[in-house]
Structures are given as structure tokens and as C-alpha cells.
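Enquirer: Take this structure first; my questions come after.
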Amino acid sequence: MYPDLSNSPVVDQVGIEERVARFNTRSIKKETKLQGLKLALNMIDLTTLEGKDTEGKVEQMCYKAMHPADDIPGLPTVAAVCVYPTHVKTARRALQGSSVKIASVSTAFPSGNSTSDIKIADTKFALDNGADEIDMVISRGEFLRGNYHFVYDEIAAVKEACGKARLKVILETGELSTLDNIRKASDIAIAAGADFIKTSTGKIQPAATMPVTLVMLQAIKDHYDRTGIMVGMKPAGGISTAKGALQYLVMLYETLGPKWMSNEWFRFGASSLANDVILQLAKEYKGVYYSKDYISND
Amino acid sequence: MVGEFKWDYAPAPESKDHVRLEKQYDLFIGGKFVKPLSKKYFATYNPATGEKLAEVAQANEKDVDLAVKAAKAAYDKVWKKMPGKERAKYIYRIARMIQERARELAVIESMDGGKPIRESRDVDVPLAANHFFYYAGWADKLEYAFPNRTPQSLGVAGQIIPWNFPLLMAAWKIAPALAAGNTVVLKPAETTPLTALKLAEIIRDSGLPDGVVNIITGYGDTGAAIVNHPQVNKVAFTGSTQVGKIIQKAIAGTDKKITLELGGKAANIIFEDAALDQAVEGVVNGIFFNQGHVCCAGSRLFVQESVADTVIRKLKQRMETLIVGDPLDKNTDIGAINSKEQLDKINEYIQIGINEGAEMHQSSCSIPAKGYFCKPTLFLHTSQSHRIVQEEIFGPVLAVQTFRTIEEVIEKANNIPYGLSAGVWTDKGSKIFNMTTKMRAGVVWANTYNKFDPASPFGGYKESGFGREGGLHGLAAYLKF
């Protein structure tokens, strides 16, 4: 059902930034840190979204997704790989027998400027090739024009096309300009059936930031309190350090609570984050920092 | 990994290794530490552990007389005559030295007073340094600050400060007094004397002329001796309204100038159009900052009825994430209650609230078995006639009421003997301006709470006191024209 946007509370940017600053003063050490790093690794959607992507690159990334660092015992796999629809087939083959999911961007990613028919076809193509999850983009132009019903209908249509596949809705927050808009877009996406809401394509700056993510987490929280339905969150782009990832986890933990602390409900969309997490994990196990040369760049 | 995920933050205690505390502290009079004529000392304890930290001297009337005479001599011989730009250099140097020793001061503040290290490190100590920096800038510009009014210093300022922000209150008092050309006798509270004594060491090391600042420790009778000393020209007191009234009576008939910063029972008002999550954050900051030991704490919450359920739900959820415990742990949000007496008083009020029929809600957090701690507490369904709504509790206890119209909330917010501060939460600018003109409170924060800046005056209406600290107003309180 189309949401009552008068229920979308306004957002105070200064207040949001102060809250974020407070998350960032949490001191995460020892066992807590180890647990957090493993969880962060397990929440990563390992991503390659370039025009020049090759089959080989996708295959290598899939191997890395299943075997992040075999020399460190007990590491989880990442949550998923995230690729263009045309690479889903390759990923499906490479990930045979693994629990790592395949997420495919769709709906004329990254701009979303295309017709509805093409967007649905794009989604179906990815699903037919074996995608488990669809990362769609909203039509920011229509949103900013105030055409909220259009945005809602489009998400709902893609959701229908997805069937059982989980749908992540990318708001592209870097183009929405205000936190109030981000809150509104979150509420529309959630009402239209998003399984996850996601900050960014990674193609626009700024991509994910903690203030933006906090606003989206609060939208998820309000929806949960109202309906009891959980929605997942995926900040994407710009999170490249383990320390940064831990700060996001603190924010998640203190905003949505322990139920969300799994890759069922939270993902990091990132390409370089995994290696920094591995570097930090290696340090926890071996007591010294690796040279980055010891970690594969796949 | 579905299911309950437990992620208790591992302890992250701030190191105490760099802290240097003497076993015994004497009185800082005339530029050096001297044994008290009373020959008496008393102990100061860590409220989180019960551990004795140090003994400090108990100044009697004769000690006070020595301190005031030292201040008077320094005033007449040195400080009064010194050009403003020279005074500024000393004040500036003190600010720099506070910054240099910030870590030590922060840790001692948390050990002696019980406040979380996050606050002493990020709020108390930096703000204290900022006050010195700010007033250093005014010292040689008094003529410009008050044009055509020939500002003149007063003489000896007797200053008595409370235990809730020991170092910060010392800075609020000393910095403007020195900038205006006065000398000082300062008494910190008996439960939290250590950072003031550390400040005395800094002042000694800064080379400030002997006797310009004297810091003496003791109980209420020491304070009374300062107030009643005939050579004190100005009394500045921050503390309870009860003691404030006694001081005002004591100086009646003298020509001593006085500023009083006393109790409060601030209204924090949330309108339905506010940014609710941020408002809740502001309420938490307003009442649980420094365990609620804040005279401007937002201890009365008024929520517009259409959003009351939402706000209270969010508030309860947020309270669950507050970590109560070891003040020296970097993850602690709420530290120890300052003293056993204060904890007893808070618990008594909690019992009063229950007896009055208000609905109590506390965070489910655990609190340490040892030391003085109190869970963050809410009272719902309170009314203006409840004692927990009328009286200052000075602890982490919030009384919640709802309202329907703007006229109703203005009337309720002002219906209290206090008037130190208030908070207004709304997205509408016109409502903010309307409210700020109608709140009878010295400070009104809009869409934020507990924000302090040296340039901004702070002080009360009604029984919250008079006179202002901070800004130009704070400077004027130490001058005659």
C-alpha cells in the first residue's frame, strides 16, 4: 500500500551527525573486535560493477568470495557477489555448490533512466541466469520531481517480477540532496516491498555515509515497530576500512539491535573493504600486520 | 548466523598510569601549598569504587583569612596595576597548560567525581581550556567591550563551586575574574577537590604572580568564612538554591557584588512536528548527561500528545542502549553518582515518585555492585503537583508529561520556582521564536540541549539565581562602571 508520507518524520541533520559522532567514540577491542570483523566479512557483497569487467575477473572474485583468506582458520565466506546481469551466468558457474549468493544490479543501473518494460526485462534476465538477489535503482528524477507514486509503482512492479528473489532498492542518496528526502524515499521503498534498502550505486559521490545510513536505519526501525516486519539495510560505496565497518556495526547494533546483526539483514556493498578486514583479522590472529602483498587483490 | 547476536563491548578502560596524585594536599595560598592552620584534613573518595584518592586540607576561618589577605595583597601590589595585555598572557598560558595536561585532568575528574571519561575528556576539560582562551582575549579590550563606561576591577572575588563540573566551574569562575583584573579565592566542593588542586599546580607552574589565585578546600563553613570575610568584594556561587539563599542573606547590608547560579528543573518540550529521533537523543542528552548532575538538566519532559506514544517508545528503546558502569571505561555513557548522600537523595525521590502514583520505568541494564550507581529512570503519568516534577532531583530521573496546546505547555513549563534553562523541539522556526520569548528561563535551546560555549552567557531566572557567566555578560559581573 502506498505509504502515508505524513508519517515520515522530519530529520534534523545536526542531531543525526551528533549521534553518529557518538557511535564513533565506542571503543571496540579484543573479542568484540574479532567478532565484529568476522561478522563484517560475512556481510560483504563483494562487488565489481565496471564496464570493463571480464569473465575472468568475475570468476576470480567468486573464488575470493568463497575463500577470503584460507591461511586464517575459521573465516566465514562473504555474503554475496554483486555483478551486472550479463555476468550472473559466469558467477553462477563459479559459485557452484557454495552458499555465497549472487546479487545482480538491474533496472538500467546505475542511472535508472529507461522505460519500465526494459527495467522489468533487465530484472528477469538476471533472474533467469540465476541471480538470488536483485539490486534495483529508483528513478531519482521522478522522485525529485515529487512523482512519488511513480517511484512506488516501479518498485512494486520490480518486486513482483522478483518473485522469491530478494529485492534491494538503491535510493542513490548522493542525488537526493536532503536527509528528509532520504527518509521519504526509504519509506516509499519499504512500503513498496523492498527486502533491503541500499544507499548508493557507488557511481555517485558521496556514496554511503553514516548519517545517511542512520536515517535509513531509523526508517527501518519505525516500520518494524509499526508492523513487526524486518527490512534489511545495505550501505554501499565508500566503506573501505575495517574500522569504518565496525563503526557501522556499532550503529546497527545500537539502532536496530541484535536481530539485525547477520547478513540476512545487513550487507556492506564494497570491493576493497574485504581486504582491510582480512588484514585486521590476520593481525588479531598472528599478532603482527601482514604486508598487503600477502593478500590477493581479486 | 540468524538469531540473538550478543555483542557486549569488551572493557576499554582509560589508563591511569600517567596520573600523579599526592597522598595529601595542602592549601594553595600566596602561590604555594601551605599546611592548614586548622591542622585538619579530610579524605576524597572515588565514588565508583569507594577507594580513597587523597586527603585534602580543611581550611578554617584563619586559613580563609590568610587566603583573602594574600589575594588582597596581590590585587593591590601587582594585579590591579598590571596592563590588560600582560594579564592576558598569564590567562592564555593557563589555557595552554590545561590543554597540555588534558588527559591527566580528564582521568582525575572521572576518578574523583564519577563522570564518564567520554564526558570529562570531550566536554569538561576542553571547555575549561576554552574559557581561559576566551577570557584571555578580553583582558586588554575591556574599554572596547564596554565603551564609554570606564570598567574597573572589583578587588578580591570569593568563589564557591559545586561538585558536578569541578574543573569547568573553576574555569568559569577564575577566567573572567582574572581577565577583569580581580584576584581570587576559590573553594571547590568537598567531594571533588582534586582537579581544582591540579589547576592550582598548573597556576603555580604558569608563573602567575603569587596570591592572584588562591585555592582552598573545606566544607560549607569554609565557604561561609569566604562569603563573610570583610575584604571580599565579590561573591560568586554555583550550587543549591538553599545555600544560595543563605549567602544572599549573609551579604545583605554589605557592598559585596554577587552572582548566584542555582538549581533548575528545566522543561524539555517536544512538539509533534519535531525530528523525533533526534529529539529523543536530545532528551537523553538533557537528562542523563553527567548522571543528571546538571543544574540545567532537562528533567521535565513535555511531549505533545499526538506523538507521545512514539516518543516514549523510542525513549525507552534508547535508554536500553545506555551503558552504566565504570566511569573510566571509554564506552560508559552513565558513570557513578557523585556521593552516597546524593545517591540516597535520588533513591528517596524515586520512592517518592512511586508513592505519588507515577509509573516508573528503568533501563534493564545491570549496574556495578560496588560504588554508587543509579539506573536511568523515567516517570510517566506525572503531574505538576508531583514532588518529582516540582523539586530538583539532580540525578538520572526524568518526569514525563503530555500536553495538547502550545498555551498549555507554556503555562506548565513556567509553573515552577526555577528558571535556568529549557529546550524546544520543533521543525518550525516561528514556533521556536514564539517559545523562546515566552519561556521564563535563562537559556532556551532549540533542537539541541546542553550546549555550552564560552562566548554564550549562562544563568537563571527566578530561584535559579541571577547574574550571568560566560560571554560579555560574564565579564561585566566582575567589573564596576
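The values are calculated or read from the model by the stated rules, or taken from the named source; none is laboratory data. All values reported here derive from a predicted model rather than from experimental measurement. Neighbour counts run over all protein chains shown; Cβ positions are idealised from the backbone, glycine included. Note: areas computed on protein heavy atoms with side chains; ligands, DNA, RNA excluded. Shrake-Rupley method; radii C 1.70, N 1.55, O 1.52, S 1.80 Å.
Enquirer: Suppose only helical runs count, i.e. DSSP H with n ≥ 4. What mean residue ellipticity at 222 nm does that imply for chain A under -39500 (n - 2.57) per run, divided by all residues and rounded to the nearest 500 deg cm²/dmol?
Expert: The helix contribution divided over chain A gives -14000 deg cm²/dmol.
Enquirer: Ignoring solvent entirely, what values of log10 I(q)/I(0) come out of the Debye formula for the range B:267-446 at 0.14, 0.18 Å⁻¹ when each Cα is a single scatterer?
Expert: Summing over Cα pairs of the range B:267-446 leads to -0.71, -1.17.
Enquirer: Sort B:K265, A:K30 from largest to smallest accessible area, using a 1.4 Å probe on the heavy atoms of the protein chains. Don't skip to the end; give the middle numbers.
Expert: Values: B:K265 5, A:K30 135 Å².
Of B:K265, A:K30, the descending order of accessible area is A:K30, B:K265.
Enquirer: What does DSSP give for chain B in terms of the percent of beta bridges that are antiparallel, rounded to the nearest 5?
Expert: 35 percent
Enquirer: Tell me, what is the 1.4 Å probe accessible area of B:D326, in Å² to the nearest 10?
Expert: Surface open to solvent at B:D326 totals about 80 Å².
Enquirer: Cα gyration tensor of the range A:5-294, axes a ≥ b ≥ c as square roots of the eigenvalues: rounded (a/c below 1.5), prolate (a/b > b/c) or oblate?
Expert: Verdict is oblate for the range A:5-294.
Enquirer: Moving to a separate point now. Mind checking A:249-261 for the average number of partner chain beta-carbons within 10 Å of each residue's beta-carbon?
Expert: 3
Enquirer: Another question about this same structure. Any idea what the dipole of chain A comes to, in debye rounded to 20, about its Cα centre with Lys/Arg Cβ at +1 and Asp/Glu Cβ at -1?
Expert: With Lys and Arg at +1 and Asp and Glu at -1, about 680 debye.
Enquirer: Can you give me the angle between helix B:305-320 and the longest principal axis of chain B, using Cα atoms only, in degrees from 0 to 90, rounded to the nearest 10?
Expert: On a 0 to 90 degree scale, this one is about 70.
Enquirer: Between B:K52 and B:H381, what FRET efficiency follows from the Cβ-Cβ distance if R0 is 51 Å, with the result rounded to 0.05? List each step's numbers first, then the result.
Expert: Working: r = 43 Å, r/R0 = 0.84.
Computed FRET efficiency for B:K52 and B:H381 comes out at 0.75.
Enquirer: List the residues whose amide H sits under 5 Å from the amide H of B:D329, counting only those 5 or more places along or on another chain, with H placed 1.01 Å from N in the peptide plane.
Expert: Here the answer is B:E14, B:I117, since their amide H atoms fall under 5 Å of that of B:D329.
Enquirer: Restricting attention to the range A:232-286, which GluC sites (Glu not before Pro) occupy a DSSP loop and are surrounded by at most 12 other Cβ atoms within 10 Å?
Expert: Counting only loop positions with at most 12 other Cβ atoms within 10 Å, none of the GluC sites (Glu not before Pro) in the range A:232-286 qualifies.
Enquirer: Take B:M111, A:M66 and sort them by solvent-accessible surface of the protein heavy atoms, 1.4 Å probe, largest at the top.
Expert: Ranked from most to least accessible, the order is A:M66, B:M111.
Enquirer: Label the range A:1-107 by shape, choosing from rounded, prolate and oblate, from the square roots a ≥ b ≥ c of the eigenvalues of the Cα gyration tensor; if a/c is under 1.5 it is rounded, and otherwise prolate applies when a/b is larger than b/c, oblate when it is not.
Expert: oblate
Enquirer: For the range B:67-130, give the magnitude of the charge dipole about the Cα centre (Cβ charges: +1 Lys/Arg, -1 Asp/Glu; no others), in debye to the nearest 20. Mind showing how you got there, number by number?
Expert: Values: 15 positive and 9 negative charges, 116 e Å.
Rounded to the nearest 20 debye, it is 560 debye.
Enquirer: Moving to a separate point now. With each pseudo-label sitting 7 Å past Cα toward Cβ, what's the A:A21-B:Q362 distance in nm, one decimal?
Expert: 3.2 nm
Enquirer: Pop a pseudo-label 7 angstrom from the Cα along the beta-carbon direction at both B:I354 and B:F452 and give the gap in nm to one decimal.
Expert: Simple spin-label model gives 3.3 nm for this pair.
Enquirer: Considering only DSSP beta bridges whose two residues both sit in the range B:267-446, what percent are antiparallel, to the nearest 5?
Expert: Values: 4 of 25 bridges.
About 15 percent, rounded to the nearest 5.
Enquirer: With each pseudo-label sitting 7 Å past Cα toward Cβ, what's the B:E305-B:H18 distance in nm, one decimal?
Expert: Going from the B:E305 label point to the B:H18 one covers 5.6 nm.
Enquirer: Residue by residue through the range B:262-270, which ³J(HN,Hα) values in whole Hz follow from phi under the Karplus form 6.51 cos²θ - 1.76 cosθ + 1.60 (θ = phi - 60°), with glycine and proline marked x?
Expert: Listing the rounded values in order: 10, x, x, 8, 6, 8, 10, 10, 10 Hz.
Enquirer: log10 I(q)/I(0), Debye, Cα-only the range B:1-100, no solvent, q = 0.11, 0.20 Å⁻¹?
Expert: Cα-only, vacuum Debye calculation for the range B:1-100: -0.61, -1.14.
Enquirer: Still on this structure, I have one more. Hand me the GluC sites (Glu not before Pro) from the range A:1-51 located in a DSSP loop with no more than 14 other Cβ atoms within 10 Å, in residue order please.
Expert: Details: sites: A:E17, A:E18, A:E31, A:E50; in loops: A:E50.
Loop-located and lightly packed - A:E50.
Enquirer: Where in the range A:155-223 are there trypsin sites (Lys or Arg not before Pro) that are in a DSSP coil and have at most 13 other Cβ atoms within 10 angstrom of their Cβ?
Expert: Values: sites: A:K159, A:K164, A:R166, A:K168, A:R183, A:K184, A:K198, A:K203, A:K221; in loops: A:K164, A:K203.
Those that pass, being in a loop and sparsely packed, are A:K164.
Enquirer: Run the dipole for the range B:267-446 about the Cα centre, Lys and Arg Cβ at +1, Asp and Glu Cβ at -1, nothing else charged, and hand back the magnitude in debye, nearest 20.
Expert: In debye, rounded to 20, the range B:267-446 gives about 160.
Enquirer: Next question. D for the protein assembly as shown, whole µm²/s, Stokes-Einstein with Kirkwood Rh over alpha-carbon pairs at 25 °C and 0.890 mPa s: what number?
Expert: Numbers: Rh = 28.7 Å.
Roughly 85 µm²/s, to the nearest whole number.
Enquirer: Tell me, what is the 1.4 Å probe accessible area of B:V280, in Å² to the nearest 10?
Expert: Using a 1.4 Å probe on the heavy atoms, I get roughly 10 Å².
Enquirer: How much mean residue ellipticity at 222 nm does chain B get from its helices, if each DSSP H run of length 4 or more adds -39500 (n - 2.57) and you divide by all residues, to the nearest 500 deg cm²/dmol?
Expert: Mean residue ellipticity at 222 nm (helix-derived): -11500 deg cm²/dmol.
Enquirer: Rounded to the nearest 0.05, what FRET efficiency is calculated for B:E408 and A:S111 with R0 set to 60 Å and r the Cβ-Cβ distance?
Expert: Details: r = 51 Å, r/R0 = 0.86.
Once rounded, the FRET efficiency stands at 0.70.
Enquirer: Heavy atoms only, probe 1.4 angstrom, no DNA, RNA or ligands counted: give me B:M97, A:M251 ranked by accessible area, highest first.
Expert: If we order B:M97, A:M251 from most to least accessible, we get B:M97, A:M251.
Enquirer: Okay, moving on. Give me the angle, in degrees from 0 to 90, between the Cα long axis of helix B:276-288 and the longest principal axis of the Cα atoms of chain B, rounded to the nearest 10.
Expert: Approximately 50 degrees, to the nearest ten.
Enquirer: If you wrap the range B:398-437's Cα atoms in a convex hull and average its projection over all directions, what's the area in nm²? Before the final figure, lay out each step's value.
Expert: Working: hull surface 13.5 nm².
Result: a mean projected hull area of 3.4 nm².
Enquirer: Of B:Q351, B:G298, B:A275, whose Cα points farthest to the positive end of the dipole of the range B:267-446 (charges on the beta-carbon: +1 Lys, Arg; -1 Asp, Glu; origin at the Cα centre)?
Expert: It is B:G298.
Enquirer: Give the long-range amide H neighbours of A:G269: residues separated by 5 or more places, or on another chain, with amide H under 5 Å away, using H modelled in the peptide plane at 1.01 Å from N.
Expert: A:D45, A:A236, A:G237
Enquirer: Then there is this: Projecting each Cα onto the charge dipole of chain B (Lys/Arg +1, Asp/Glu -1 at the beta carbon, about the Cα centre), which of B:N415, B:F28, B:T254 comes out farthest on the positive side?
Expert: Of the candidates, B:T254 comes out farthest on the positive side.
Enquirer: In Å and on Cα atoms, what radius of gyration and Dmax does the range B:71-195 show?
Expert: When restricted to Cα atoms, the range B:71-195 yields Rg and Dmax of 15.2, 47 Å.
Enquirer: Counting only the heavy atoms of the protein chains, how much of B:M169 is accessible to a 1.4 Å probe, in Å² to the nearest 10?
Expert: That residue has around 10 Å² of solvent-accessible surface.
Enquirer: Taking N as the number of residues in chain B, what is its alpha-carbon radius of gyration divided by 2.2 N^0.38 Å?
Expert: Computed over Cα atoms of chain B, the ratio equals 0.97.
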